[in-house]
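Here is the structure we will look at, set down as structure tokens.
The values are calculated or read from the model by the stated rules, or taken from the named source; none is laboratory data. Predicted model only: the values in this text are computed from it and were never measured. Positions of Cβ are backbone-derived with ideal geometry, glycine not excepted, and every protein chain shown enters the neighbour counts. The protein model used for the area step is the full one, side chains on, heavy atoms only, and it has no ligands, DNA or RNA in it. Shrake-Rupley method; radii C 1.70, N 1.55, O 1.52, S 1.80 Å.
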Amino acid sequence: MRAIVCDDFEECRVADVPTPEPAAGELLLAVKRVQLSITECQLYHGAAVVHYESVRDRLAAGDGLLFGHEFCAEVAEVGDDVHEFAVGDRVYAAGKLACNECTYCEAGYTHFCKAKATIGLQTPGACAEYLTLPPGPLRRVPDGVSDAEGAALQPMASAVLCVRDAQIADGDVVVVVGAGVMGYQCGQLALQQGAGEVIAVDVNAEKVELAESQGMVGVDASAEDPVAVVDERTDGIGADVVLECVGGDQSHANEGTDPLAQAVRMLRSGGRIVQVGSIAGELTVSPRMMRSKHVQWINPLRGVVSLGPNADSGDLAAKLVADGRVDIAGCITHEVQGLDAFEEAVDITTNKAEHGAFGPAQVVVRE
């Protein structure tokens, strides 16, 4: 099969490598589409962000089958002892690979597994024509959901958990800071959870307009002060919930103008901030201010989480898209053809504003 092989940071090639064979308890997946997360693009460029050590060590060991945990694939072969899927099923990976041996896993809390592996970082990923995976993190892509949407379902599954952990009550004023992929999805989910109003903040006017098309109140932060807007719309009370969907490099949690600090300033006393975006590096915090305002700073669950006897986060994410209750296609704006265009996809995803991209570029591996 053809696959992306990384020889070093910022060095890759398309190579012919052996097609993996599914062991007992595994599936062979034929990749249809893959999209790179911004974290994967940063890692490709050698940035010392989360999972940097894993990528560095795999490169040093000559194991360059890297990247690709957001994908849509078709089951090509079913290994022994697998009964959840059949050949021809379309699937995506809603979570990570649990070890299934630690105390957390044995207790049924696989999302807390301390040895869990990220597909494409600690294991081979979907930047290839085929990959093998156990069924644990996989969920079906329903009929009516396109391959492009299927490749974008993993962030949607995370958004489901972010909004669940936000504990939004009927009538709450909710702010999403950053109206990219996660903010766009979280804002729609918040409205479904009964929010009285969702305010979407971004410096990109087109993303603001897209959020408005789904019933959110848009705020162009390049033209007006979002903290002042929230203050005015709530008569000085502040938002009940703020989802900080920017992440990245920030210096202070509650002072200055970084997204998280703005989120704290928008929040009412006793309100909740949900840390959706992954923050790189270290943050300075003024604990006294956070305590005096009674700020609840929530880091949401990740992975595949049971929501009750009838659903888990992975299945629900796919169903919400299939039913048309949440739009994710609006952020799928760029695609490239074939694995040979891998570095073009990295460039588009890394420099979204330059290319006019709302979300990651997708690589079409096979139609």
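Below are the figures for this structure:
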| item | result |
| --- | --- |
| Some residue of region 262-272 being of a type in the set (Ser, Thr, Tyr) and farther than 26 Å from residue 37 by Cα | yes |
| Index of the failed condition, residue 35 passing every other in (1) surrounded by fewer than 21 Cβ atoms within 10 Å (Cβ to Cβ); (2) within 22 Å of residue 94 (Cα to Cα) | (1) |
| Test: residue 23 is touching a strand residue (DSSP E or B) at 6+ places or on another chain (Cβ under 9 Å), under 26 Å from residue 359 (Cα atoms) and either at pLDDT 95 or above or open to solvent by 10 Å² or more (accessible area, probe 1.4 Å) (or both) | no |
| Lone qualifier among 60, 30 - being modelled with pLDDT of 95 or more, among the aliphatic types (A, V, I, L, M) and within 29 Å of residue 315 (Cβ to Cβ) | 30 |
| Tally, over region 188-219, of residues that are over 22 Å from residue 170 (Cα atoms), assigned to a helix (DSSP H, G or I) and in contact with a helix residue (DSSP H, G or I) (Cβ under 6 Å, 6 or more places away or on another chain) | 1 |
| Hits in region 220-237 - residues which are closer than 12 Å to residue 178 by Cα and either under 21 Å from the mean Cα position of the chain (by Cα) or assigned to a helix (DSSP H, G or I) (or both) | 226 |
| Every residue from region 270-285 that is open to solvent by 30 Å² or more (accessible area, probe 1.4 Å) and outside any strand (DSSP E or B) | 278, 281, 282, 283, 285 |
| Where residue 168 falls short, out of the listed (1) under 21 Å from residue 274 (Cα atoms); (2) in a loop (DSSP other than H, G, I, E, B); (3) of a type outside the set (Asp, Glu); (4) at pLDDT below 95 | (4) |
| Checking residue 67 against (1) assigned to a loop (DSSP other than H, G, I, E, B); (2) in contact with a Phe, Trp or Tyr (Cβ under 8 Å, 6 or more places away or on another chain); (3) open to solvent by 30 Å² or more (accessible area, probe 1.4 Å), the condition it does not meet | (3) |
| Residue 326 vs. criteria under 20 Å from the mean Cα position of the chain (by Cα) and open to solvent by less than 20 Å² (accessible area, probe 1.4 Å) | yes |
| Single residue of region 1-15 satisfying the filter (touching a Cys at 6+ places or on another chain (Cβ under 9 Å) and β-branched (Val, Ile, Thr)) that is most open to solvent (accessible area, probe 1.4 Å) | 5 |
| Checklist (1) outside any loop (DSSP other than H, G, I, E, B); (2) touching a strand residue (DSSP E or B) at 6+ places or on another chain (Cβ under 9 Å) applied to residue 289, failing item | (2) |
| Residues (farther than 17 Å from residue 141 by Cβ, at pLDDT below 95 and open to solvent by less than 20 Å² (accessible area, probe 1.4 Å)) located in region 80-108 | 105 |
| Checking residue 297 against (1) in a helix (DSSP H, G or I); (2) open to solvent by 50 Å² or more (accessible area, probe 1.4 Å); (3) at pLDDT 95 or above; (4) hydrophobic (A, V, I, L, M, F, W, C), the condition it does not meet | (1) |
| Residue list for region 244-264, restricted to those being in contact with a Gly (Cβ under 7 Å, 6 or more places away or on another chain) and outside any loop (DSSP other than H, G, I, E, B) | 244, 248, 249, 259 |
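Every residue, every condition in (1) of a type in the set (Val, Ile, Thr); (2) within 24 Å of residue 316 (Cβ to Cβ); (3) open to solvent by less than 50 Å² (accessible area, probe 1.4 Å), yes or no:
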position	(1), (2), (3)
175	yes, yes, yes
184	no, yes, yes
204	no, no, yes
211	no, yes, yes
